[in-house]
1. Quick check on my filter: what residues within the stretch B:42-75 are outside any helix (DSSP H, G or I) and either touching a strand residue (DSSP E or B) at 6+ places or on another chain (Cβ under 9 Å) or surrounded by 18 or more Cβ atoms within 10 Å (Cβ to Cβ) (or both)?
2. Residues in the stretch B:231-259 that are touching a helix residue (DSSP H, G or I) at 6+ places or on another chain (Cβ under 6 Å), without any contact (Cβ under 8 Å) to a residue 60 or more places away in the chain and on the phi < 0 side of the Ramachandran plot: how many?
3. Do any strands (runs of 3 or more DSSP E) entirely within the stretch A:180-254 hold 2 or more residues that are under 19 Å from the mean Cα position of the chain (by Cα) and closer than 30 Å to residue A:168 by Cα, and if so, which?
4. Checking residue B:228 against (1) in contact with a helix residue (DSSP H, G or I) (Cβ under 6 Å, 6 or more places away or on another chain); (2) in contact (Cβ under 8 Å) with a residue 40 or more places away in the chain; (3) over 20 Å from residue B:31 (Cβ atoms); (4) surrounded by 19 or more Cβ atoms within 10 Å (Cβ to Cβ): exactly one of these is not met. Which one?
5. Condition check: over 18 Å from residue A:212 (Cα atoms) and at pLDDT 95 or above. Does residue A:113 satisfy that?
6. Quick one: count up the residues across the stretch A:171-189 that are surrounded by fewer than 21 Cβ atoms within 10 Å (Cβ to Cβ) and either within 14 Å of chain B (Cβ to nearest Cβ) or without any contact (Cβ under 8 Å) to a residue 24 or more places away in the chain (or both).
7. State the number of residues belonging to the stretch A:221-237 that are crowded, with 23+ Cβ neighbours inside 10 Å and within 14 Å of another protein chain (Cβ to nearest Cβ).
8. Based on this model, can you work out whether residue A:246 counts as in contact with a strand residue (DSSP E or B) (Cβ under 7 Å, 6 or more places away or on another chain), more than 26 Å from residue A:133 (Cα to Cα) and either more than 14 Å from chain B (Cβ to nearest Cβ) or at pLDDT 95 or above (or both)?
């Protein structure tokens, strides 16, 4: 509700005599991007002011990735959307028809200015000796993962484990399925979002391993102190593309297309990429990446497209009664 | 009763018209939108959505946990109301005000606070761990948070005021003469309570129970933080509705919502009938 009000505010301002005044952009984003845009927005404002002499105001709205997409579909006046999976922006294109379905081709790198990947976070000293995905299926290891039905974060973890099992010697779909089922048998709590899972692991002290984004690990370090946990990089992981797009219907109505497009393009500039790296998001820019290479250990990665793309994955794995639901039902019976 | 019957109070047509309009706008319109939206679903799809084993398990949990919570509040809520009405002690006002806190607190705050308390490392939860006070006494760990037990705890918390606040005024209005008469006729304390007091407050108790139960069924915010949300085990129905929305499955979400609506309405109706019946029975007796 609050977000709606905030969305209305600039609209009201624009409709009054202030029309020629500062352009206002609303960036609708997901939960853990808060810190990044807190740093990025001032950088962009400075750049825009220097380039055009205009002031631009950027407002932020944060929440779970899919609920945020739903708000946009239902009319939240977002100029730009910055999500954690392509399927959320696809939904805005298909259900809301607020932007063209080929949105991902309008910007470089599949419209993802930076990436992250799923890492394993363990307790100090790694008492259970966790080194790779297969350690997570051992009996007696408790793994905290957000619910793949409600969180993109959980979906990436599920897919990372699935891909790991597929790529093992002699790996096939049946084995991948058994592997993921064994993994989810070790999950004691399914939080609805990534931040919830972090709280369960760090604050409630539940579980031996938390699987989450690499940049969330940095947030945990800042919030809870670096001495309380260790980050384990698995032998292979999934590259999480974090896509962005302009919402055409809104910017054309508000007349903010120029600012909105530039706001996103600037994410690829050396300055934008540096802010990303400082927030532990893996930059696309090779020079910036090289500069911060120390904090990004190299991990063998596969992508969502290697597994068939979000649309096929949704139908195969996450829709109702698809593989994830079948696994969950079978696991519940075994208990 | 006919509509023509003249009343001593003027303005019947106007006030009835307003009542119907208001109820229609505030209650009926959104609910009919819900049913209307579900009508876009084929019967077979509707049925397979609402009879999915995982959804059925969530009905069982939601209605079961809500029933237990409302039942416990029926007993302990009555006790609280009784103490607040019948005794006077220092700090009574404060306790009276505290009863309303679950009303006022944002449910998410309640959920996080409860999860912190009852988690295995929380103030209360740690005593139930294997090496905790109560855990050692019983020889095993009892998990409170992240189990159905945690859900019941959250529901007890949020539904307590309903029983207390409906019973309290009736207890206050209870005529002391009735009890005195019963006593002078030789009734024991227990007989006075069970034969005189309980029948009088019974309708109010039932109302409180119904309100608490209805509130608990719809509760989402506080429960998701303490439930653990495991499929088939600790997933409440409102969570499944949200997770359907998360997948942009509006129809599936409304289908489950309609089932909950129908079930809740049926139950409230039964409780209202029961209440009407007891009131009538009592009315005849006195």
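1. Of everything in the stretch B:42-75, just one residue is outside any helix (DSSP H, G or I) and either touching a strand residue (DSSP E or B) at 6+ places or on another chain (Cβ under 9 Å) or surrounded by 18 or more Cβ atoms within 10 Å (Cβ to Cβ) (or both), namely B:52.
2. The qualifying residues number 5.
3. A:209-213, A:236-241
4. Of everything listed in (1) in contact with a helix residue (DSSP H, G or I) (Cβ under 6 Å, 6 or more places away or on another chain); (2) in contact (Cβ under 8 Å) with a residue 40 or more places away in the chain; (3) over 20 Å from residue B:31 (Cβ atoms); (4) surrounded by 19 or more Cβ atoms within 10 Å (Cβ to Cβ), residue B:228 misses just condition (1).
5. Spelling it out, residue A:113 is indeed over 18 Å from residue A:212 (Cα atoms) and at pLDDT 95 or above.
6. Adding up the residues that qualify gives 11.
7. Final tally of qualifying residues: 0.
8. Yes.
The values are calculated or read from the model by the stated rules, or taken from the named source; none is laboratory data. Predicted model, so just to flag it, every value in this text is computed and none were measured. Cβ sites come from the backbone with ideal geometry, for glycine too, and all protein chains shown count toward neighbours.
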